[in-house]
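Trainee: Just passing along the structure, written as structure tokens.
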Amino acid sequence: MKFLEYQAKEVFAAAGIPTPQGKVAATAGEARAIAEELGGAVVVKAQVPIGGRGKAGGVAVVKSAAEAEKEAQRILSMEIRGYPVDEVLIEKAADIKAEFYLGVTVDRARQAPVLIVSSAGGMDIEEVAATHPDKVAKVWIDPLIGLRPFQVKEACYRAQVPPELIQEMSGFIEKVYRVFKEQDAILVEINPLALLGSGELIALDGKMETDDNARFRHPDAKGVDEQAEHPLEQRAKELGLSYVKLDGEVGIVGNGAGLVMTTLDMIQRHGGKAANFLDIGGGAKAEVVKNGLSLILSDPDVKSILINVFGGITRCDEVAKGLLSVIQEMEVHVPIVVRLAGTRAEEGRALLAESHLATAESFQEAAKKAVELARA
Amino acid sequence: MSILVNNKTRLLVQGITGREGAFHTKQMLAYGTQVVAGVTPGKAGESVEGVPVYNTVREAVDKHGVNTSIIFVPPRFAADAALEAIDAGIELVVCITEWIPVHEMMEVTAYARAKGTRLVGPNCPGVISPGEALVGILPGGIFKPGPVGLVSRSGTLTYEVVNELTTRGIGQSTCVGIGGDPIIGTRFIDVLRLFEEDPQTEVIVMIGEIGGSDEEEAAEYIKTMKKPVVGFISGRTAPPGKRMGHAGAIISGNTGTAESKIRALTAANVPVADTINEIVDLVEQRLK
């Protein structure tokens with residue numbers, strides 16, 4: 001689950017991490033009221049679950065509440081890299097003396113969390129790492145002992161954090177790591193982490209992404225669902241289906257993530273494009289097939305459907321019977337190609353031959369047929 | 001010979017009384033695997049398909065000389081089950097369970113390394129050495145003994161390739177499903193090392209997919225190998241930023257793309273097949 005900036009900051013504040021004073025607004029009028037309440041210069045920031053909003057014009061610093069209203073109006077009408085802006089965060093403008101970068105994320109290759117600290121804040125950290133590697137300190141954390149004080153200090157020294165700030169910075173880092181652990185996060189990032197004129201360290205921006213597998217531990221978490229952007233993806237989520245909407249015209253149903261991904265690749269190889277990814281899992285259970293097919297049939301982009309199933313422990317003749325009973329109950333308005341492979345595939349195909357479904361023996365033949373039918 | 005599992009495997013099934021655990025215990029026994037014990041806390045004294053059930057892994061290990069464990073425990077409790085198996089000193093732990101939290105998996109993989117246990121998975125179909133032992137949920141009927149070692153992040157793609165291999169008369173030494181999660185116990189490079197040392201294995205098939213950089217890391221090792229490797233990468237047309245079914249199958253920024261993996265494999269002189277049939281063609285050529 002991805003957290004919008006203000007959602008992440010709420011979590012930070014609850015963990016004792018200093019954040020700027022501010023509130024979120026859904027209308028320009030609300031933005032104005034918040035700016036009036038805060039008084040003085042404020043920042044108006046688009047709340048979208050994606051980076052690069054500054055470059056896109058989604059952030060404005062203004063001097064008055066009237067200006068805040070005007071800018072909020074403009075930003076709320078924007079779409080940033082495909083995400084419409086529904087909310088803006090209005091915050092008191094900060095008196096920034098220096099900017100740092102602080103992040104904790106999961107390093108897949110090392111199978112451990114990694115703490116990243118840099119004294120070059122406010123910029124794209126990957127760019128800084130590429131151009132000034134000496135300014136970026138990375139410290140890997142052994143999951144069995146957690147983050148230790150010596151590592152925090154090491155990160156600060158290597159990132160060239162000024163000596164007088166190290167103690168406060170260390171406390172800040174420890175709090176952020178605690179959030180990372182407690183929230184089951186796969187990313188917590190503060191960029192910039194600012195040193196204010198008052199000498200205080202503060203999270204000026206905030207980004208957080210948590211592990212969906214651990215959602216049962218965080219029933220009240222408030223974030224946005226990254227995988228459910230399209231209405232059809234939202235519907236799939238409700239049905240418990242592993243589905244991704246794509247921009248082609250051939251609807252895909254298959255069992256196993258690798259098999260379905262390869263099916264998408266084969267469609268493209270034969271000159272078509274897949275309309276979706278849908279993995280119905282092992283055994284092709286009737287209820288799941290039915291939900292999956294009805295979802296795909298409700299997609300107006302779909303011009304043909306390819307059902308690609310490998311029968312392993314579940315035999316293909318059983319899969320075929322299941323498919324037939326499901327399809328007979330449904331209103332099917334586009335051509336369907338079925339490819340069965342594996343245990344008792346021939347028997348399965350023989351059963352389907354009596355229906356109006358097109359069958360295919362090989363992966364290639366199936367993909368080719370589905371692409372041709374989508375064009376017809 | 002073969003790798004990881006064989007006729008000396010003495011298997012413990014964790015979560016044996018559950019629906020999946022019981023079903024696959026039956027399948028594994030039917031394949032000829034020595035399933036010697038099961039564990040479900042609170043169910044000691046029961047039996048599943050004639051296999052005695054214990055409350056703890058320690059007890060099962062003490063009584064039956066277990067050397068391998070397979071986990072069918074639900075996601076919330078699976079990491080704890082894996083830690084229990086590692087703690088009991090079991091050499092090989094195969095974790096089938098999907099949806100285990102990432103933070104717990106980082107702890108489990110670190111503990112396995114510390115204790116010298118080999119963990120396969122999670123979110124994997126398991127391991128089979130055809131004709132010797134099945135430790136997993138793979139459909140045993142499509143496999144046959146032979147010279148091809150296979151390692152894959154995907155279950156059903158493994159079945160597709162094996163089905164085609166077997167249909168064309170080519171058998172397999174061992175097939176290892178390493179799992180579709182971002183944090184997994186055994187990676188491509190680990191299995192390639194084992195195949196390189198295994199006298200039965202002559203050609204290796206490696207089935208990768210988008211996400212992470214394990215294929216790139218494996219490619220570096222392949223440059224030093226004597227045995228031929230044939231590659232396949234799925235997800236060439238997957239959009240960035242979307243998880244394609246597997247938790248680990250996601251392109252983030254510039255990392256994890258199919259192009260990067262294909263480039264790395266090509267640089268290691270590994271032919272990367274475009275289709276399943278081509279994988280088998282390439283294997284056939286290398287066996288001759």
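The values are calculated or read from the model by the stated rules, or taken from the named source; none is laboratory data. Model, not experiment: these values are computed from the prediction. Virtual Cβ from ideal backbone geometry, glycine too; neighbours counted across all protein chains shown. Just the protein is used for accessible areas: all its heavy atoms, side chains included, with ligands, DNA and RNA removed. Shrake-Rupley method; radii C 1.70, N 1.55, O 1.52, S 1.80 Å.
Trainee: Quick one: A:Glu79 ticks every box in (1) surrounded by 15 or more Cβ atoms within 10 Å (Cβ to Cβ); (2) of a type in the set (Asp, Glu); (3) more than 23 Å from A:Ser119 (Cα to Cα) bar one, so which box is it?
Mentor: Answer for A:Glu79: the failing condition is (1).
Trainee: Residue check: is A:Asp124 assigned by TED's automatic domain parsing to the domain that holds A:Asp205 and open to solvent by 20 Å² or more (accessible area, probe 1.4 Å)?
Mentor: Criteria met by A:Asp124.
Trainee: While we're looking at this one, here's another question. Is it the case, given these coordinates, that B:Gly155 is at pLDDT below 95, farther than 15 Å from B:Gly231 by Cα and not assigned by TED's automatic domain parsing to the domain that holds B:His24? Please lay out each step first, then the result.
Mentor: Numbers: at pLDDT below 95: yes; farther than 15 Å from B:Gly231 by Cα: yes; not assigned by TED's automatic domain parsing to the domain that holds B:His24: yes.
Yes, satisfied.
Trainee: Let me ask something else about it. So in the range A:99-114, with the set limited to residues that are of a type in the set (Gly, Ala, Ser) and surrounded by 15 or more Cβ atoms within 10 Å (Cβ to Cβ), which one is nearest to the other protein chains (Cβ to nearest Cβ)? Spell out how you get there, then give the answer.
Mentor: So the first thing to find is which residues in the range A:99-114 are of a type in the set (Gly, Ala, Ser), and the list is A:103, A:109, A:112.
Subset that is surrounded by 15 or more Cβ atoms within 10 Å (Cβ to Cβ): A:103, A:112.
Details: A:Gly103: 14, A:Ala112: 6 Å.
So the residue we want is A:Ala112.
Trainee: Which one of the conditions (1) buried (at least 20 other Cβ atoms within 10 Å of the Cβ); (2) at pLDDT 95 or above does A:Gln73 fail to meet, given that it meets all the rest?
Mentor: Single failed check for A:Gln73: (1).
Trainee: While we're looking at this one, here's another question. Tell me, please, whether a residue that is free of Cβ contacts under 8 Å to residues at least 12 places away in the same chain, open to solvent by 20 Å² or more (accessible area, probe 1.4 Å), closer than 24 Å to A:Ala345 by Cα and more than 16 Å from the chain's Cα centre (by Cα) can be found in the range B:161-173. It would help to see each step written out before you state the result.
Mentor: Here is the first cut: in the range B:161-173, the ones free of Cβ contacts under 8 Å to residues at least 12 places away in the same chain are B:167, B:169.
Remaining after also requiring open to solvent by 20 Å² or more (accessible area, probe 1.4 Å): B:167, B:169.
The next check asks that each one be closer than 24 Å to A:Ala345 by Cα; those that pass are B:167, B:169.
Now narrow it down to the ones that are more than 16 Å from the chain's Cα centre (by Cα): B:167, B:169.
The answer is yes, given that some residue of the range B:161-173 is free of Cβ contacts under 8 Å to residues at least 12 places away in the same chain, open to solvent by 20 Å² or more (accessible area, probe 1.4 Å), closer than 24 Å to A:Ala345 by Cα and more than 16 Å from the chain's Cα centre (by Cα).
Trainee: Could I ask something else about it? How many residues are open to solvent by 40 Å² or more (accessible area, probe 1.4 Å) and touching a helix residue (DSSP H, G or I) at 6+ places or on another chain (Cβ under 8 Å) if we restrict to the range A:82-98?
Mentor: 3
Trainee: Does the range A:322-343 contain at least one residue that is modelled with pLDDT under 90, of a type in the set (S, T, N, Q) and in contact with a strand residue (DSSP E or B) (Cβ under 6 Å, 6 or more places away or on another chain)?
Mentor: yes
Trainee: When the residues of the range B:226-270 are narrowed to those that are within 12 Å of chain A (Cβ to nearest Cβ) and hydroxyl-bearing (Ser, Thr, Tyr), which ends up most open to solvent (accessible area, probe 1.4 Å)?
Mentor: Filtering the range B:226-270 for residues that are within 12 Å of chain A (Cβ to nearest Cβ) and hydroxyl-bearing (Ser, Thr, Tyr), the one most open to solvent (accessible area, probe 1.4 Å) comes out as B:Thr255.
Trainee: Further question on the same structure: Test B:Leu83 against the stated conditions and say whether it is under 21 Å from B:Leu138 (Cα atoms) and in the same structural domain as B:Met28 (by TED's automatic domain parsing).
Mentor: Details: under 21 Å from B:Leu138 (Cα atoms): no; in the same structural domain as B:Met28 (by TED's automatic domain parsing): yes.
The answer is no for B:Leu83.
Trainee: Right, here's the next one. Does the range B:190-198 contain any residue that is over 27 Å from B:Val135 (Cβ atoms) and in contact (Cβ under 8 Å) with a residue 12 or more places away in the chain? Working first, answer last.
Mentor: Narrowing the range B:190-198 to residues over 27 Å from B:Val135 (Cβ atoms): none.
No, the range B:190-198 contains no residue that is over 27 Å from B:Val135 (Cβ atoms) and in contact (Cβ under 8 Å) with a residue 12 or more places away in the chain.
Trainee: Could you check how many residues of the range B:93-115 are touching a helix residue (DSSP H, G or I) at 6+ places or on another chain (Cβ under 9 Å) and not in a helix (DSSP H, G or I)?
Mentor: Residues in the range B:93-115 being touching a helix residue (DSSP H, G or I) at 6+ places or on another chain (Cβ under 9 Å) and not in a helix (DSSP H, G or I): 8 in total.
Trainee: Looking at this structure, is A:Val61 assigned to a strand (DSSP E or B), closer than 25 Å to B:Lys242 by Cα and modelled with pLDDT of 95 or more?
Mentor: On the way: assigned to a strand (DSSP E or B): yes; closer than 25 Å to B:Lys242 by Cα: no; modelled with pLDDT of 95 or more: yes.
So A:Val61 fails the test.
Trainee: OK, next. Could you tell me whether B:Phe195 is within 12 Å of the chain's Cα centre (by Cα) and of a type in the set (Phe, Trp, Tyr)?
Mentor: Values: within 12 Å of the chain's Cα centre (by Cα): no; of a type in the set (Phe, Trp, Tyr): yes.
When the stated conditions are applied, B:Phe195 does not pass them.
Trainee: Just checking, does the range A:280-292 include any residue being of a type outside the set (Gly, Ala, Ser), touching a strand residue (DSSP E or B) at 6+ places or on another chain (Cβ under 7 Å) and over 25 Å from B:Glu98 (Cα atoms)?
Mentor: For the range A:280-292, residues of a type outside the set (Gly, Ala, Ser), touching a strand residue (DSSP E or B) at 6+ places or on another chain (Cβ under 7 Å) and over 25 Å from B:Glu98 (Cα atoms): absent.
Trainee: Filter the range B:82-106 down to the residues that are buried (at least 24 other Cβ atoms within 10 Å of the Cβ) and of a type in the set (Gly, Ala, Ser), then identify the one that is nearest to A:Ile186 (Cα to Cα).
Mentor: B:Ala82
Trainee: Across the range A:178-226, what is the number of residues that are crowded, with 19+ Cβ neighbours inside 10 Å and assigned to a helix (DSSP H, G or I)?
Mentor: Residues meeting the conditions: 4.
Trainee: On to the next question. Sort out which residues of the range B:140-159 are at the interface with chain A (Cβ under 7 Å from one of its Cβ atoms) and surrounded by fewer than 24 Cβ atoms within 10 Å (Cβ to Cβ), and write them in order of number.
Mentor: Listed by number, the list holds a single entry, B:Gly141.
Trainee: Hey, could you check the range B:92-139 for residues that are among the charged types (D, E, K, R) and under 21 Å from B:Gly155 (Cβ atoms) and say which is nearest to the other protein chains (Cβ to nearest Cβ)? Before you say what the answer is, go through the steps one by one.
Mentor: From the range B:92-139, those among the charged types (D, E, K, R) are B:98, B:104, B:107, B:113, B:115, B:118, B:132; that's our starting set.
Then keep just the ones that are under 21 Å from B:Gly155 (Cβ atoms); that gives B:98, B:118, B:132.
Details: B:Glu98: 9, B:Arg118: 14, B:Glu132: 19 Å.
Only one residue fits best here, namely B:Glu98.
Trainee: Mind checking whether some residue in the range B:201-217 is in contact (Cβ under 8 Å) with a residue 40 or more places away in the chain, within 14 Å of chain A (Cβ to nearest Cβ) and farther than 29 Å from B:Ser252 by Cβ?
Mentor: No, there is no match, as no residue in the range B:201-217 is in contact (Cβ under 8 Å) with a residue 40 or more places away in the chain, within 14 Å of chain A (Cβ to nearest Cβ) and farther than 29 Å from B:Ser252 by Cβ.
Trainee: Let me confirm something: among A:Leu241, A:Leu278, A:Leu246, which residue is among the hydrophobic types (A, V, I, L, M, F, W, C), in contact with a helix residue (DSSP H, G or I) (Cβ under 8 Å, 6 or more places away or on another chain), in contact (Cβ under 8 Å) with a residue 12 or more places away in the chain and more than 24 Å from A:Glu372 (Cα to Cα)?
Mentor: Working: A:Leu278 fails: more than 24 Å from A:Glu372 (Cα to Cα); A:Leu246 fails: more than 24 Å from A:Glu372 (Cα to Cα).
So the residue among A:Leu241, A:Leu278, A:Leu246 that is among the hydrophobic types (A, V, I, L, M, F, W, C), in contact with a helix residue (DSSP H, G or I) (Cβ under 8 Å, 6 or more places away or on another chain), in contact (Cβ under 8 Å) with a residue 12 or more places away in the chain and more than 24 Å from A:Glu372 (Cα to Cα) is A:Leu241.
Trainee: Same structure again: Pull up the range A:256-308, narrow it to residues that are within 12 Å of chain B (Cβ to nearest Cβ) and at pLDDT below 90, then point me to the one that is most open to solvent (accessible area, probe 1.4 Å).
Mentor: Here the answer is A:Gly282.
Trainee: Which pairs turn up if I take residues in the range A:14-27 that are under 17 Å from A:Ala94 (Cα atoms) and look for partners that are open to solvent by 60 Å² or more (accessible area, probe 1.4 Å) with beta carbon separation below 6 Å, at least 6 apart in sequence or on another chain?
Mentor: Once the first residue is under 17 Å from A:Ala94 (Cα atoms) and sits in the range A:14-27, its partners that are open to solvent by 60 Å² or more (accessible area, probe 1.4 Å) give A:Ile17/A:Lys175; A:Pro20/A:Lys92; A:Gln21/A:Lys92.
Trainee: Just give me the residues in the range A:345-376 being among the charged types (D, E, K, R) and buried (at least 19 other Cβ atoms within 10 Å of the Cβ), in sequence order. Walk me through how you get there before you give the answer.
Mentor: Within the range A:345-376, the first condition is being among the charged types (D, E, K, R), and the residues that meet it are A:346-347, A:349, A:354, A:361, A:365, A:368-369, A:372, A:375.
Within the range A:345-376, A:Arg349, A:Lys368, A:Lys369 meet the criteria.
Trainee: Filter the range A:133-163 down to the residues that are modelled with pLDDT under 95 and among the acidic types (Asp, Glu) and list them by number.
Mentor: A:Asp134
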